[in-house]
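Each reported figure results from applying straightforward, stated rules to the coordinates on display, with no laboratory input. All of these numbers come straight from a predicted model, not from anything done at the bench. With ideal geometry, Cβ positions are generated from the backbone for all residues, glycine too; neighbour counts draw on all protein chains shown.
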Amino acid sequence: MLVAVSIDEVRREMLVNDWTERAAFERCVTQLGDTLMIHDDAGFSSSWVAFISAAGIRFAGEVPAPMPTVARWQRGAWVAPYMRALKQWRPITLALVDGVSARIYRYAEGVLSLRRRFDVHVADGHADRLRSATSQHFHQGTHGATAADEVSNARVQARDQVVRQVAAQLIRSGGGAGLIVGGNDAAVHALIRQLPESIASRALILPGIEMHTPDSVLRDMAAGGASTLRNAEDERVIAELTEAVGARGRGVAGRDAVLEAVVGGRAQRVLLSLRFLDADALAAEEIVEEALSDAVDVEVVSGHAADRLEREGAGAMASLRYVPVPLPPLVGVA
């Protein structure tokens, strides 16, 4: 078992420590074993992490992102590996719209949940009855183009009404970390036109989603769409940072420059690649701890965005709150 190998490595490193610290470590190992036995009975559906002290388990549970198998013994939590899971907690909004109804879902941590439902009614009844020209909403004696026009106009009015309701809700909520839209093509594009650029620019239209799409399929499509949106946002931010670094503006690249920025309190946002997180673990942990202590956003990126981050910044970049102004040289007087 890989975790046992990691624990044995830490145990060997602790041979130089006094017996009280070694005893505290062994108490933590015992607690870890007891906790793993409980979770083995339930089975794992994703990765698992734990923060344990001699005084007890501080946190233990599953996380919705792949985790490396690693054990560490130190004062304070070893948090850098955990950062790769945080992006999964950022909610994505999924909006399904058709001519007469809409559903708004929230997708986060692998869970899709229905948050709002809209159904538009026309005249005395529900708009989905407009498919029949002999509905109670229309005059039985109306024939030809007039009846067809009334049906068409009522459908357009119903669609516009549901689109306005959904757009208003999305504007109030801000659309989450990204927006996925599906459903009837005309309603989908009408909704996009109703949204401000700040939300529409982060929207992803997914074909093949309908109101009757099963929840399990809908969840899988939401997961794929969420990954696409997050990767696109990562690439956009890295492109902006690359330009800032190249122009000697408000951005720095490389391990040493990023660490200097977070230690000096100048960093505003830090981006690290998965490879950097694993290959330079000590530096990554120092950067993450310094950044979090100063309320700096830390992002761990993967995919094409991580490839570019490796090329442009050796796996680490940071945007700056301000550009340092070089001091003039001191003039000595003899």
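Computed values, structure above
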quantity: Kirkwood-based Rg to Rh ratio, the range 2-78, C-alpha trace; calculated: 0.96
quantity: Computed magnitude of the charge dipole of the range 45-124 (debye, nearest 20; Cβ of K, R +1, Cβ of D, E -1); calculated: 460 debye
quantity: The range 181-240, relative contact order in percent, only Cα pairs under 8 angstrom and at least six apart counted; calculated: 35 percent
quantity: The range 262-321, dipole about Cα centre (Lys/Arg Cβ +1, Asp/Glu Cβ -1), debye to the nearest 20; calculated: 300 debye
quantity: Rounded to the nearest 20 debye, dipole of the range 2-78 from Cβ charges on Lys, Arg, Asp, Glu; calculated: 260 debye
quantity: The range 241-310: trypsin sites (Lys or Arg not before Pro) falling in loop per DSSP and having at most 10 other Cβ within 10 Å; calculated: Arg248
quantity: Cβ-defined net charge surrounding Arg219, 12 Å radius [Lys, Arg +1; Asp, Glu -1]; calculated: -2
quantity: Summed residue charge, Cβ within 10 Å of Gly303's Cβ, Lys/Arg positive, Asp/Glu negative; calculated: -1
